[in-house]
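**Student:** First the structure, then my questions, so here it is.
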Amino acid sequence: MIQLGAVFFGLGLLGRVAWKMGISPIPLYLVGGLAFGVGGLVPLHGIQEFTHIASEIGVVLLLLLLGLEYSASELTTGLKRSWMAGVLDLVLNAAPGAIAALLLGWGPVAALAMAGVTYISSSGIVAKVLGDLGRLGNRETPVVLSVLVFEDLAMAVYLPVLTAVLSGVSFFGGLTSVGISLLAITVVLVVALKYGRFISAVVDSPDHEVFLLKLLGSALLVAGLASQLQVSAAVGAFLLGIAISGSTAENATRLLEPLRDLFAAMFFVVFGLNTDPNSIPPVLGIAVALAAITTLTKVVTGWWAARRQGIGKMGRMRAGAALVARGEFSIVIAGLAVASGQVDEQLAALATAYVLLMAILGPIAAKYVEPIGEFFQRRRQTV
Amino acid sequence: MIGVNVEITPLPGIGTRQDFMIRAGRRIGVITYRDGRFELILSKASDPDSCAASIPLSPEEANTLAGLLGAPQLVAHLREEHRDITGITTRQLPVTAFANRTLGETALRTRTGASIVAVVRSGNAHPSPGPDFLFENGDLAVVVGTAEGLDAAAEILHGG
């Protein structure tokens, strides 16, 4: 219990530092985990059972709250508006990760995992950065948000495939899994669009205690069921979140956010704990190269997507820079890959180093893109 | 009266942005968050895609600003009429919980005794809405009733 208490308290302190520095706490949680656990300063053995389950709950809650954020109609609108930009995003940003894994000789399974790691921008970090910078009213912001919606939906298809591949299922088994998950997603979207209020009513309750229990219970039930169907637990939680709408979703978000923060923080720490910091230096060079390349690819994606909507040059740069941040989902994907034992151990190290770089680089890029852009514009005008 | 073209843009995961171009050449508008907060936005003169100001407003602050800008004549007129009737007052309340639902579904008069006598949408007043009136995101209801009734109505219209 002392170890657990120390971990939580430490996380709280790290979070406070992050908040003061104005950056996301995720990199600090990772570093905290790295510093202890495997190969670190003090190995923490006694808390493994709790942290294992806690980190699984963390993933479920992360995805549940992501789904709660969106209503079914927002998803379909976002999809219709941004599917071309979404596909470009996918191609440009998944490729570097996959290529890196193949070049390192890690095999196709690891390539699939690394593709996901470099592809997904962190919705949490991007939304927070846009809010902090007062850019929510900007005309390029809906473009950025639509791309994020597409990514989240793509993830709902990608995760079951990844889970199936990681559990050693054959190609056809993988196809079945994708088929089931596509079916599930379509069914959920249709049901949520037409009958969302009934699902919300089932879960809702005026009493906070009952509401919380029903919410958590249903999230874990659905996640567990999804996992049994080989359609990753995280996707089940995401779909449940989408199905719940209206004021139920708002109340649920308010109730669950603290729990999510708690368990998600645990998830990041556990990932760091299980990663040997000594395995990072060999892959650091690759991580930096990946960071540079995928920053560029995200900027290109944002630029192109904003240009299609008729937004000016500064807006295109802002859109591109906003998408740069990677964070929680890259670690979720890496965590899934590493837990299965099917990929090279160094993948955890590469993913950690990569996310550390991008979670810090992302907000910085978004913030400084305006001064940099204006500087270049002025130079061009004076020349 | 020449109508103003208000552009409504959903912000997935965040809320809705409603803005329009003013004659001075800038865009001005409001972001309505899902949890009921508002943000007043004004575009930069040099870069119309970007915001010069993005000012957070609580529901009460937004209400006050709307009262200063929105339908002051309507509400002031009603207040004048009601001044002699003790206990009755008028308030403009944001309808955040009933977007895409009808006025009848609020059951406001049955539940609180207060009545919705007009709905202000994008600065235009729709008087005497019937029970089939469909609310949209960003609507403000002009509600008449006792102070307790109006408090209850505010809770219902915001939280369902």
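**Student:** Rg/Rh for the protein assembly as shown to two decimals, with Rh computed the Kirkwood way over all alpha-carbon pairs. All intermediate terms of the calculation are to be shown ahead of the outcome.
**Tutor:** Values: Rg = 25.0 Å, Rh = 24.9 Å.
With Rg and the Kirkwood Rh in hand, the quotient comes to 1.00.
**Student:** Please enumerate, by chain and number, the lysines with C-alpha under 16 Å from the C-alpha of residue B:44, excluding those fewer than 8 residues away in the same chain.
**Tutor:** A:313
**Student:** For A:209, B:155, which order do you get if you count the other beta carbons within 10 Å of each Cβ and list the fewest first?
**Tutor:** A:209, B:155
**Student:** Relative contact order for chain A: what is it in percent, counting Cα pairs under 8 Å that are at least 6 residues apart?
**Tutor:** Details: 584 pairs, mean separation 113.5, N = 383.
Relative contact order comes out at 30 percent.
**Student:** Would you list B:95, B:4 from fewest to most Cβ contacts within 10 Å?
**Tutor:** By the 10 Å Cβ count, ascending, the order reads B:4, B:95.
**Student:** Taking a threshold of 32 Å on the Cα-Cα distance, which of the pairs A:214/A:367; A:194/A:214; A:20/A:194; A:214/A:298 fall above it?
**Tutor:** Details: A:214/A:367 40 Å; A:194/A:214 22 Å; A:20/A:194 44 Å; A:214/A:298 39 Å.
Too far apart for the 32 Å limit: A:214/A:367; A:20/A:194; A:214/A:298.
**Student:** Step through the residues of the range A:47-59 one at a time and calculate ³J(HN,Hα) from phi using the Karplus curve (6.51 cos²θ - 1.76 cosθ + 1.60, θ = phi - 60°), rounding each to whole Hz and writing x for Gly and Pro.
**Tutor:** With the stated coefficients, the range A:47-59 comes to 9, 4, 4, 5, 5, 4, 5, 4, 6, 5, 4, x, 5 Hz.
**Student:** Per the helix-only calculation at 222 nm, which mean residue ellipticity applies to chain A, given -39500 (n - 2.57) for every DSSP H run of n ≥ 4 and division by its residues, nearest 500 deg cm²/dmol? Kindly include the intermediate steps, with their values, before the conclusion.
**Tutor:** Numbers: 15 runs with 314 residues, N = 383.
Helix contribution divided over all residues of chain A: -28500 deg cm²/dmol.
**Student:** Report, to the nearest 10°, how far helix B:72-82 tilts away from the longest principal axis of the Cα atoms in chain B, using its own Cα long axis and a range of 0 to 90°.
**Tutor:** 10 degrees
**Student:** Could you give the angle, 0 to 90 degrees to the nearest 10, between helix B:147-159's Cα long axis and the longest principal axis of the Cα atoms of chain B?
**Tutor:** 50 degrees
**Student:** Hey, fewest Cβ within 10 Å first, where do A:268, A:376, A:211 land in order?
**Tutor:** Values: A:268 28, A:376 12, A:211 18.
Ascending number of Cβ neighbours within 10 Å: A:376, A:211, A:268.
**Student:** Moving to a separate point now. Limiting things to C-alpha atoms, what are the Rg and the maximum Cα-Cα separation (Dmax) for the range B:7-57, in angstroms?
**Tutor:** Final numbers for Rg and Dmax: 10.8, 32 Å.
**Student:** Can you tell me which of A:309, A:48, A:342 moves the most in a GNM of chain A? Springs connect C-alpha atoms under 10 Å apart.
**Tutor:** Between A:309, A:48, A:342, it is A:48 that shows the largest mean-square fluctuation.
**Student:** Over all residues in B:49-61, what is the mean tally of Cβ atoms on other chains that come within 10 Å of each residue's Cβ? Please report the intermediate quantities before stating the final value.
**Tutor:** Values: counts 17, 12, 8, 2, 2, 7, 2, 3, 0, 0, 0, 0, 0.
Mean number of neighbouring Cβ atoms from other chains: 4.
**Student:** Moving on. Could you tell me the largest-minus-smallest coordinate of the C-alpha atoms of the range A:29-169 on each of the three principal axes, in descending order and whole angstroms?
**Tutor:** Result for the range A:29-169: principal-axis Cα extents of 49, 35, 26 Å.
**Student:** Same structure, new question: In whole Å, what are the Cα extents of chain B along the three principal axes, biggest one first?
**Tutor:** Principal-axis extents of the Cα atoms in chain B, largest first: 52, 33, 27 Å.
Every read-out reported here was derived from the displayed coordinates using simple, explicitly stated rules and does not represent laboratory data. Since we're looking at a predicted model, the values are computed, not measured. Counting neighbours? That spans all protein chains shown, and the Cβs are built from the backbone with ideal geometry, glycine included.
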